[in-house]
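Encoded as structure tokens, the structure appears first; notes follow it.
Values in this text are rule-based calculations from the coordinates and carry no lab data. Just so it is clear, the structure is predicted and the values come from calculations on it, not from any experiment. Heads up, the Cβs are rebuilt from the backbone with ideal geometry, glycines too, and the neighbour counts pull from every protein chain shown.
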Amino acid sequence: NAGVTQTPKFRILKIGQSMTLQCAQDMNHNYMYWYRQDPGMGLKLIYYSVGAGITDKGEVPNGYNVSRSTTEDFPLRLELAAPSQTSVYFCASSPQMGGGGNTIYFGEGSWLTVV
Amino acid sequence: TQLLEQSPQFLSIQEGENLTVYCNSSSVFSSLQWYRQEPGEGPVLLVTVVTGGEVKKLKRLTFQFGDARKDSSLHITAAQPGDTGLYLCAGAGGDSNYQLIWGAGTKLIIKP
């Protein structure tokens, strides 16, 4: 029962470094999402994808990039890490757009600290 | 900007007590979802409400969608330590048809 798998679980980055958060789902879902969760701020959508080869910006895309070469994988790239990117990152997927009768399935999260 | 405001932000009560948490907005949503998030994990869907005035029950949890589809409540009867977690509401179909709007959550602690 893998569902949505994220790696790494924890990472400390220095300012200006780059890294990629990996995300894979085995449910053959069309929609995939990257959220960040800051304390007391709820979930903010960074990027989302409606299928392989199609991505779009969410609410807070600056400083991030994504790609969707396959249905299963949706990596999130952080370029030139800044302290403001310290957060918990969640990858998620759903068969159709989240909401309504559609469940969004979340990974366990990646804790990122930029120092 | 659409907002979903959740209250209270934090609630700590004794096992066996009843509680209600709220999710309010000035915007109308076509549906609203409640998720529970435990420490170190991602949110997990509890329920979706889609009709104004709708009430759904999940064991000791009762969810209600407001008549005007702008607000929702979650009532827990006889709370148990296993109910501890962060409760998030998320609205769909408001001004933004492609994104869920998330509340900041209510952190609930049930003490044995």
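General observations
- Put simply, the Cα atoms of chain A extend 39, 31, 27 Å along their principal axes, the longest span coming first.
- Chain A: most fluctuating residue of A:K57, A:K44, A:K14 per GNM, C-alpha cutoff 10 Å: A:K14
- Beta-bridge orientation, the stretch B:6-111: approximately 85 percent antiparallel, per DSSP, counting only bridges with both partners inside.
- For GluC sites (Glu not before Pro), the sites in the stretch B:1-75 that DSSP calls loop and that have at most 15 other Cβ atoms within 10 Å are B:E15, B:E17, B:E41.
- For the residue pairs A:K9/B:K70; A:K14/B:K107; A:K14/A:K57; A:K44/B:K111; A:K14/A:K44, alpha carbon separations beyond 27 Å are given by A:K9/B:K70; A:K14/B:K107; A:K44/B:K111.
- The average projected area of the protein assembly as shown, computed from the convex hull of its Cα atoms over all directions, is 12.1 nm².
- When chain A is treated as a GNM with alpha-carbon contacts under 10 Å, the residue of A:S84, A:S49, A:S67 showing the greatest mean-square fluctuation is A:S84.
- With all pairs of different C-alpha atoms in the average, the Kirkwood value for the hydrodynamic radius of the stretch B:45-103 is 12.6 Å.
- A P(r) calculated from all alpha carbon pairs of the stretch A:1-61, with 10 Å bins opening at zero, reads 17, 45, 34, 4 percent.
- Modelled spin-label separation between A:I12 and B:N18, with each label point placed 7 Å from Cα along the Cα-to-Cβ direction: 4.9 nm.
- Zero-based 10 Å bins, Cα pair distances in the stretch B:6-111, whole percents: 16, 50, 29, 5
- Gain in span if fully extended, A:S67 to A:L80, counting 0.36 nm per residue against the direct Cα distance: 2.9 nm
- Averaged over B:29-36, number of beta-carbon atoms from partner chains that fall within 10 Å: 3
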